[in-house]
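To start, I am sharing the structure in question, which I have written as structure tokens.
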Amino acid sequence: MSKAVKKNNTVKLDFNIEYAPAPESKASAKIQPSYDLFINGKFEKPASKKYFDTINPATEEKLSSIAEANATDVNKAVKAARNAYDNTWSKMPAKERAKYIYRIARMIQERAREFAVIETLDGGKPIRESRDIDIPLVANHFFYYAGWTDKLAYAFPNKKIQSLGVAGQIIPWNFPLLMAAWKIAPALATGNTVVLKPAETTSLTALKLAEIIQESDLPPGVVNIITGAGATGAAIVNHPDINKIAFTGSTDVGKIIQRAVAGTNKKVTLELGGKAANIIFDDAPIDQAVEGVINGIFFNQGHVCCAGSRLFVQESVYDIILKKLKDRLSTLIVGNPMDKNTDIGAINSKQQMDNIHKYLRIGEKEGLEMYQNNCVLPKKGFFIRPTLFTNVAQSSRLAQEEIFGPVLTIQTFRTDDEVIEKANNTPFGLSAGVWTDKGSKIFNLTTKLRAGVIWANTYNKFDPTSPFGGYKESGYGREGGLHGLGAYLK
Ligand code: NAP
Ligand code: MG
């Protein structure tokens, strides 16, 4: 985007030079006009006979019709999962189970490009992210848990390894296939069977995964993928023959689920919202920190539960950090998610875009100072300019509530104790970031910040070996790593 212009022997950076478009081809994406429910190894029509549209949020064009499962379909899927659990999957030697999971991992790798393109078309995230982050992590998750399948006795020494039974799994739209992998891989590795529901706006990659599962010859009923809206999710949560609910989504729905399972024998893990603090000390590597903050909040349009949405900067470096952040913000490319140059793609839905606009208005009303990238937004589709707010009070709604969009609030601090107090002062506790040259400071903060994941001198780095999850209203239980296996065992 920037080009060095040589004039009178001085080199001036001109940030207004544009890249030529570099669109990824849609040719690899085979999207059918409609998709049925994947139950007991087959695609079946929904009992309701109802279908809903899934659109491309960058163009508002319809991509496909998706079946809407009702309680009858949920019951059918749970029966298939129970039957597969009792008669096949729980009886199969672990090393045989592992072979299926490895096979699924390899098939995802082979079709990685198709998955990446569909993820971007259906959800709006930049192709660079779905291609380089989401889909490789999906395959890695299946590989990682395949590796544990026949080694559970080493993971939990001196314990009797016992699976739970049928897991009901409900996932959000921000990392559609990755969340499906986080849920399905550890459940299968530990010998459970699955009924999974993707989010209404992003069902396509989960249904593509169903095609792979069918081709992999996984015994019918081990994984069932049913689509629909909140009511379908609720029917899964309330089904009496489900042993475990694994949910990733909003804190509000998490609370509904918690109430629904109270007094039942269902085991629950909840991965909910967040309001992460990203903290820069004056001894931090400044450019690296600025890039980390940009990645921390603008990655995936800020549709990240662990997004570093609150920046705290030590007073002595505030001016330089703010200047560098503004400079960097103005060079971010917002637009067509299928273009490999795009940094910030489409907001996932109109509803989500309206919600982010609501917070921008609240910020203005509260008298905060707003700074935006002044790019021209595409005429169609759902887009929002990346936005910084300064002059933010700790009590501001923008500093307290999850926005789930490309909006960063900036506050300052003087001492370690002050920033720890401010960072912990939200109802959430999912993640945080610390930027400093001093190991002792990192240790001090990581022990005192109430967050499940804390990154030091980096941000938004994920790995299947590392557990992920929150405190307080960010939920409970951990996914990933050994902890993720424990969540599917008695
Ligand atoms: P959401 O509205 O809670 O939806 C999540 C899933 O639950 C969707 O599949 C949704 O179906 C379904 N659902 C809705 N109402 C339900 C009900 N009453 N019972 C059962 N299921 C129900 O959340 P979202 O807006 O899709 O996702 C954004 C939220 O997820 C953010 O708050 C974000 O922080 C959180 N998140 C957390 C993590 C984490 O690991 N902690 C990771 C990613 C996202 P529909 O699609 O039809 O609404
Ligand atoms: Mg869609």
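The values are calculated or read from the model by the stated rules, or taken from the named source; none is laboratory data. Predicted, not measured: the structure shown is a model, and the values here were computed from it. As a convention, Cβ positions derive from the backbone with ideal geometry for all residues, glycine included, and neighbour counts pool all protein chains shown. Ligands, DNA and RNA are excluded from the accessible area calculation, which covers all protein heavy atoms including side chains. Shrake-Rupley method; radii C 1.70, N 1.55, O 1.52, S 1.80 Å.
Can you give the accessible area per residue of the chain, in Å², using a 1.4 Å probe? Please report the intermediate quantities before stating the final value.
Working: 20090 Å² over 490 residues.
With all protein chains present, the chain gives 41 Å² per residue.
Right, here's the next one. Leaving out ligands, DNA and RNA, and with a 1.4 Å probe, what % of the accessible surface on the stretch 164-291 is carbon or sulfur?
On the way: 1730 of 3270 Å².
Result for the stretch 164-291: 53 percent of the exposed heavy-atom area is carbon or sulfur.
From the backbone phi of the stretch 243-253, what are the Karplus-calculated ³J(HN,Hα) couplings (6.51 cos²θ - 1.76 cosθ + 1.60, θ = phi - 60°) in whole Hz, Gly and Pro given as x?
Values per residue, Gly and Pro as x: 9, 8, 10, 10, 10, 10, x, 7, 4, 4, 5 Hz.
Around F383, which amide H atoms from residues at least 5 apart in sequence, or from another chain, sit under 5 Å from its own amide H, with H modelled in the peptide plane?
Correct list: I347.
Taking H as built 1.01 Å from N, whose amide H comes closer than 5 Å to the amide H of L430, not counting residues under 5 places away?
Placed amide hydrogens put K275, G452, Y471 under 5 Å from L430.
Follow-up. Count the net charge of all other residues whose Cβ sits under 12 Å from the Cβ of M107, scoring Lys and Arg as +1 and Asp and Glu as -1. Intermediate results must be reported in sequence, preceding the final value.
Details: positive: R103, R106, R111, K208; negative: E110, E114, E211, E215, D217.
Its environment carries a net charge of -1.
Counting pairs of alpha carbon atoms under 8 Å apart in space and at least six apart in sequence, what relative contact order in percent does the stretch 296-451 give? Walk me through the numbers on the way to the answer.
Working: 223 pairs, mean separation 43.8, N = 156.
Once normalised by length, the contact order is 28 percent.
May I ask for the net charge around L209, where only other residues with Cβ less than 12 Å from the Cβ of L209 are counted and Lys, Arg are +1 while Asp, Glu are -1? Could the numbers behind the result be given before it?
Numbers: positive: R111, K183, K208; negative: E114, E119, E211, E215.
Local net charge: -1.
Tell me, what ³J(HN,Hα) does each residue in the stretch 27-41 have, in order and in whole Hz, if you take phi through Karplus 6.51 cos²θ - 1.76 cosθ + 1.60 with θ = phi - 60° and put x for Gly and Pro?
Residue by residue, the stretch 27-41 yields 4, 6, 8, 9, 10, 6, x, 8, 10, 9, 8, 9, 10, 6, x Hz.
Same structure again: In degrees from 0 to 90, rounded to the nearest 10, what is the angle of the helix 176-189 Cα long axis to the longest principal axis of the chain?
40
Determine ³J(HN,Hα), in whole Hz, for all residues of the stretch 66-77 in sequence, where each value follows from phi through the Karplus function 6.51 cos²θ - 1.76 cosθ + 1.60 and θ = phi - 60°; x replaces Gly and Pro.
10, 5, 9, 7, 10, 4, 5, 5, 4, 4, 4, 5
For the chain, what does -39500 (n - 2.57) per DSSP helix run (n ≥ 4), summed and divided by total residues, give at 222 nm, in deg cm²/dmol to the nearest 500? Don't jump to the answer; show the numbers that get you there.
Numbers: 16 runs with 179 residues, N = 490.
It lands at -11000 deg cm²/dmol.
Please report the net charge: other residues with Cβ closer than 13 Å to the Cβ of I55, K and R +1, D and E -1.
Working: positive: K62, K350, K380; negative: D53, E60, E61, D122, E200.
That sum, taken over residues with Cβ under 13 Å, equals -2.
How many angstrom lie between the Cα centre of the stretch 428-490 and the Cα centre of the stretch 194-213?
That distance is 27 Å.
Between the stretch 117-131 and the stretch 369-388, how many Å separate their Cα centres?
Between the Cα centres of the stretch 117-131 and the stretch 369-388 lies a distance of 19 Å.
Mind listing the long-range amide H neighbours of S466? Cut-off is under 5 Å, sequence gap 5 or more, other chains count too, H placed in the peptide plane at 1.01 Å from N.
G481
I need the semi-axes of the equivalent ellipsoid of the stretch 384-490: take the C-alpha gyration tensor, multiply each eigenvalue by 5, square-root it, list largest first in whole angstrom.
Numbers: eigenvalues 134, 65, 38 Å².
For the stretch 384-490, the semi-axes come out at 26, 18, 14 Å.
Please tell me the relative contact order of the chain in percent, rounded to the nearest whole number, where contacts are Cα pairs under 8 Å and at least six residues apart.
Values: 1097 pairs, mean separation 83.4, N = 490.
Taking the mean separation of contacting Cα pairs over the length of the chain, I get 17 percent.
Next question. Kirkwood Rh and Cα-based Rg: tell me the resulting Rg over Rh for the stretch 8-111, rounded to two decimals.
Values: Rg = 23.2 Å, Rh = 18.7 Å.
The Rg/Rh ratio comes out at 1.24.
Now for a separate question. How high is the relative contact order of the stretch 239-388, in percent, with contacts defined as C-alpha pairs under 8 Å that are six or more residues apart? Show your work: numbers first, answer last.
Numbers: 182 pairs, mean separation 26.1, N = 150.
Relative CO of the stretch 239-388 lands at 17 percent.
How long, wide and thick is the chain, going by the Cα atoms along their three principal axes, in whole angstroms, largest first?
For the chain, the Cα extents along the three principal axes come out at 76, 49, 41 Å.
Report the equivalent ellipsoid semi-axes for the stretch 326-381 in whole Å, largest first, defined as the square roots of five times the eigenvalues of the gyration tensor built from alpha carbon atoms. If you can, show how the numbers build up before the last one.
On the way: eigenvalues 97, 55, 12 Å².
With the √(5λ) rule applied to the stretch 326-381, the semi-axes are 22, 17, 8 Å.
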